[in-house]
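Peer 1: Input: one structure, supplied below.
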Amino acid sequence: MSDTTGHERQQVIAGLRDLARFLEDHPDVKVFPYIGMVVPFQDREEFAVTALALGRAEKKHDSHYFSLERFFGPYVRYEAFIACEKVCTRLVVGTRDVVEQVIPAHTEEIVEWECHESLFDKKGSLGDEPHA
């Protein structure tokens, strides 16, 4: 998705509303108590605009990415993330020796998945069981 300010953005918002209506209209449809939207950023200024809009968001980072996370209610999460080098200052705070690691030779399986043409048969029930 590239048109985040125009038509595609409006389609995402409309889709979220449609999903909420669908779930309200179909109480027997199972839901998982967690929904997340994880949005990658390349541009520092665009990330800053989103950071201001998020307001009080939880800051997180690992060795590669910085992110801001905000929950809307207990189960709906929006996370914006960007490469640390775009928004953070790299500090070398020490060094450590890394021991060489050798993976022993071994045989590993090469796997392919064969999926059914249709998940449902003509009666509306699940088709044949998948093969192991």
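Peer 1: Quick check on the exposure proxy: order 30, 59, 86 from fewest to most C-beta atoms within 10 angstrom.
Peer 2: Numbers: 30 6, 59 9, 86 13.
By the 10 Å Cβ count, ascending: 30, 59, 86.
Peer 1: Count charges around residue 56 for me, please; just the other residues with Cβ under 13 Å from its Cβ, Lys/Arg as +1, Asp/Glu as -1. Spell out each step's value before the answer.
Peer 2: On the way: positive: 59, 70; negative: 58, 69.
Result for the local shell: 0.
Peer 1: Put a dot 7 Å past each Cα toward the Cβ at residue 44 and residue 87; how far apart are the dots in nm?
Peer 2: Placing both labels 7 Å along Cα→Cβ, they lie 1.2 nm apart.
Peer 1: Mind listing the long-range amide H neighbours of residue 35? Cut-off is under 5 Å, sequence gap 5 or more, other chains count too, H placed in the peptide plane at 1.01 Å from N.
Peer 2: When sequence neighbours closer than 5 places are left aside, the close amide H contacts are 76, 77.
Every read-out reported here was derived from the displayed coordinates using simple, explicitly stated rules and does not represent laboratory data. Since this is a predicted model, take the numbers as computed values, not measurements. Cβ atoms come from the backbone with ideal geometry, glycine included; neighbour counts cover every protein chain shown.
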